[in-house]
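Below is one structure, written out as structure tokens; the observations come after it.
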Amino acid sequence: MKHPTPWQHCRTDSPLGSLRLARTALGLCGLWFEQDQRHAPDPARFPPEQHRPDDPLLQETAQRINAYFRGQQPNFALPLDLSGGTPFQQAVWRALLTIPAGQTCSYQDLAIALGQPSAARAVGTAVGRNPLSIIVPCHRVLGSKGQLTGYAGGLWRKQALLQGENPSPP
């Protein structure tokens, strides 16, 4: 099997750990925590000769991520390349983009929104494979009883992201 073309990439720091950002000619295709991220790509996808911290899209993404962690309303209207997923995964990832900051939904809610009410488990699997942590807000999806479940970056990060978007009153 031919190895996929390497992505242009860079890294940026966040309060929850270093992040690896990646892009294709079509747009941003990945944002993963560099430590303890399930389903992260093989490090061979990030060769040193493709490291592009000066790439305008990667710079803009890093700036918006930093603003998000400073508590600003997220503005992730960036060109995205979701082509790394199956058509079903892409549909789930696009549905995630409709969940506003500070709000949550269940896997079942997403399955219903996609017109496939019996596909909650498949939706959960697709959510877990989301390649664009934070930007495609999979952290906003909860279990059927509102419990924190499955986040590829770790439940502690999911909880921190949700608390950052919806801080408790003093």
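The values are calculated or read from the model by the stated rules, or taken from the named source; none is laboratory data. Note that the structure is predicted; figures quoted are calculated from it, not measured. Note that we place each Cβ from the backbone using ideal geometry, even for glycine, and neighbour counts take in every protein chain shown. Note: accessible area is taken over every heavy atom of the protein model, side chains too, but ligands, DNA and RNA are not part of it. Shrake-Rupley method; radii C 1.70, N 1.55, O 1.52, S 1.80 Å.
Hydrodynamic estimate: the Kirkwood radius of region 1-160 over Cα pairs, inserted into Stokes-Einstein at 25 °C and 0.890 mPa s, corresponds to D of 152 µm²/s. Element breakdown for the chain at a 1.4 angstrom probe: carbon and sulfur atoms account for 53% of the accessible area. The trypsin sites (Lys or Arg not before Pro) found in region 75-149 that occupy coil by DSSP, while having at most 15 further C-beta atoms within 10 Å, are Lys145. Remark: the chain carries a charge dipole of roughly 360 debye about the Cα centre, counting +1 on each Lys and Arg Cβ and -1 on each Asp and Glu Cβ.
If you take the square roots of the eigenvalues of the alpha-carbon gyration tensor of region 63-113 and sort them as a ≥ b ≥ c, do you get rounded (a/c under 1.5), prolate (a/b over b/c) or oblate?
Numbers: a/c = 3.38, a/b = 1.40, b/c = 2.42.
In terms of gyration-tensor shape, oblate.
Using a Gaussian network model of the chain in which every pair of alpha carbons under 10 angstrom is joined by a spring, one finds that among Ala122, Ala95, Ala25 the greatest mean-square fluctuation is at Ala25.
Helix 87-96 and the long axis of the chain differ in direction by around 70°, with both axes built from C-alpha atoms.
For Pro15, what is the net charge nearby, where nearby means another residue's Cβ is under 12 Å from its Cβ and Lys, Arg count +1, Asp, Glu -1? Present the calculation step by step, with values, prior to reporting the outcome.
Details: positive: Arg70, Arg157; negative: Asp13.
Overall, the nearby charge balance is +1.
Take the chain with all the other protein chains still there, run a 1.4 Å probe, and you get 53 Å² of accessible area per residue. Toward the positive end of the charge dipole of region 1-100, with +1 on the Cβ of Lys and Arg and -1 on the Cβ of Asp and Glu, the farthest Cα among Pro43, Ile65, Pro79 is that of Pro79.
The angle between the Cα long axis of helix 155-165 and the main principal axis of the chain comes to about 80°, on a 0 to 90 degree scale.
Counting only DSSP beta bridges whose two residues both lie in the chain, roughly 65 percent are antiparallel. Computed with a 1.4 Å probe on the full set of protein chains, the accessible area for Glu49 sits at about 120 Å². What does the charge count near Ala152 come to, summing +1 for each Lys or Arg and -1 for each Asp or Glu among other residues with Cβ under 15 Å from its Cβ? Around Ala152, the surrounding residues sum to +4. Once the dipole of region 80-167 is set up with Lys and Arg at +1 and Asp and Glu at -1 on Cβ about the Cα centre, which of Ser118, Gln103, Ala91 lies farthest towards its positive end? Going by the Cα projections, it comes out as Ser118. The C-alpha atoms of region 1-96 occupy a region whose extents along the principal axes are 43, 33, 27 Å, arranged from largest to smallest.
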